[in-house]
1. Please state, rounded to one decimal and in Å, the Kirkwood hydrodynamic radius that region 225-353 gives when every pair of distinct Cα atoms enters the mean of 1/r.
2. For region 337-428, report the convex hull volume of the alpha-carbon atoms normalised per residue, in Å³, without decimals.
3. Computed over the Cα atoms of the chain, what is the ratio Rg over Rh, Rh following Kirkwood?
4. Using only alpha carbon pairs under 8 Å that are at least six residues apart, calculate the relative contact order of the chain and give it in whole percent.
5. Of all the accessible heavy-atom surface of region 1-106, with the other protein chains kept in place and a 1.4 Å probe, what percent is carbon and sulfur?
6. Under the definition of Cα pairs under 8 Å and six or more residues apart, what whole-number percent is the relative contact order of region 90-190?
7. Test of the criteria: in region 181-239, which trypsin sites (Lys or Arg not before Pro) are in a DSSP loop and have at most 12 other Cβ atoms within 10 angstrom of their Cβ?
8. Tell me the relative contact order for region 289-350 as a rounded percent, counting alpha carbon contacts under 8 Å between residues six or more apart.
Amino acid sequence: MRVLIDTQFATTAIRAAGTERDSLDRILSVCLEHHAIPYLYAGHYQTIAQELLKELGSEGATSEIKQLSERVRWWPATAEDCQPIASQDLLHSPMLRALSRMGDDALLVTANDEFLGSDKRAVSPVGFLSLFAQEDQNEKKVAFVDLGRQLDGMRDEMERAIWRVIDSTSFINGPAVGELERRLAEHTGIDHAIGCSSGTDALILAMMALGVERGDEIIVPDFTYIATGSMVALMGATPVFVDIDPATFNIDPDAIEHAVTEKTVGIIPVSLYGQVADMDRVNAIAKARGLWVIEDGAQSYGATYHGRRSCSLTRVSTTSFFPAKPLGGYGDGGAVFTNDDELAIKMRRILNHGQRKRYDHQVIGLNARLDTLQAAVVGVKLSHFDEELALRRRVARWYSSALAGAEQIITPIVLDHNESSWAQYTVRIPSRVRVRELMSYRKIPTAVHYPIPLHRQEAFQHRPYRVESVTHAEQAAAEVLSLPMHPFLTSEEVQRIARAFIESVGAASA
Ligand SMILES: *Cc1c(COP(=O)(O)O)cnc(C)c1O
């Protein structure tokens, strides 16, 4: 939740010392305590600076602004805020316009009677403090993924990065794309990282570059997001759905061995929920049989396997920058990764209509480029990513200890040699429908990743596919439930979710 502090109230309070000053200080501490983010309107920066300079002189004003900037953030002004409008209030109307961009639950803390009388988002300083004094934390809605909270911590960098692209007007293959690719390659520990338009297109790019042909068989887990299997079918190849290891939800290497035929050309293990699949065994099977391997790392960017990063562990890997993934952009995007120079060149060409030189097209390709704006956004996110990974791991530990020993709830297992990127915190329970309903009464969202195993999706029924014995995949599809997961969940929120969950599971089975 965001709190805009009225410019006039803030400047008066800072100049005043005494009770008004105390009231501003209390408001800022209450915000901190309740994870609300206090903002001042950036369009009023000069007003604030001038007022303070008048009163306190240069040194005093500078030190006040410095202190203030440590405790509040600046909400951006836009050109639109300054358009002449009907209101007579020239001074305040831009700030009120800015307030309307702050989200449905944003509040304006003000001592201005006119706002207090006319705007339902306006609360007085005393009103604000009493609001939080009574507020029952149990009533607050939890976000499944909270991109707003994330943005509050990187707003100035994000604005700079986005506006730099827009003002450059270099929207396709701008410098941010190459820069992101270099940073991703270094972060992953691989020679080539190549940005593309989505995690789905990344799979297509990899398979086109590997020369997949109609009739080829490709082994995929039966329990994954649709794209892993559907892109195989789109290539005209035959997906062969195999079972998972019930402990990790990842592809079972024994099932792969069982499924290989002379038509098999490759294997696409998925590192589900952020935990890397058993890549050494998958790679060994592939090597012995002359198959390629693509790691579908859409959910596992940042995870490690025996200390090495996901997306660096096999011939080609793919990831997704879909907004809700661990490393998400502000729209669709993805990347492919490889140490194979030749394959890298092929994928680079295919994603740009097979173009070798301008208007010289060597092969049939796609338009699957990563756009410059998304590259800039993901670049900012990448600067904070390792820190966020540590926070995700902390949230997962909080969940697992809060849920430990709870009846009928099986918490996720991460193998010793793995560190998950915790794309999801997914548990198993015997029966889901009633539990989800009880959770939603308590304003706690849950999700099912994924309710239908691929071999039973209608989309595959009119094309060739094979399915092996998939009892564990079936059981997982019936039992999994994902709880809210993002780096900025607080310990209190996790405790509250866990308590509500244990009670809901108990009530549902009673
Ligand atoms: C999200 C996801 C994809 C697809 O990524 P998009 O960027 O949404 O196209 C593929 N595979 C898995 C396992 C995913 O979770």
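1. Details: mean 1/r = 0.0655 Å⁻¹.
Kirkwood hydrodynamic radius for region 225-353: 15.3 Å.
2. Numbers: hull volume 15.0 nm³, N = 92.
About 163 Å³ per residue, rounded to a whole number.
3. Values: Rg = 26.3 Å, Rh = 25.4 Å.
So for the chain, dividing Rg by the Kirkwood Rh gives 1.04.
4. 16 percent
5. Values: 2960 of 5680 Å².
Within region 1-106, the accessible surface is 52 percent carbon and sulfur.
6. On the way: 29 pairs, mean separation 11.8, N = 101.
Averaging sequence separation for qualifying contacts and normalising by length gives 12 percent for region 90-190.
7. Values: sites: R182, R183, R214; in loops: R214.
Passing both the DSSP loop test and the Cβ count: R214.
8. Numbers: 98 pairs, mean separation 16.4, N = 62.
It comes to 26 percent, rounded to a whole number.
The values are calculated or read from the model by the stated rules, or taken from the named source; none is laboratory data. None of these values were measured; they are calculated from a predicted model. Cβ: placed from backbone, ideal geometry, glycine included. Neighbour counts: every protein chain shown. Side chains are part of the model used for accessible areas, which takes the heavy atoms of the whole protein and leaves out ligands, DNA and RNA. Shrake-Rupley method; radii C 1.70, N 1.55, O 1.52, S 1.80 Å.
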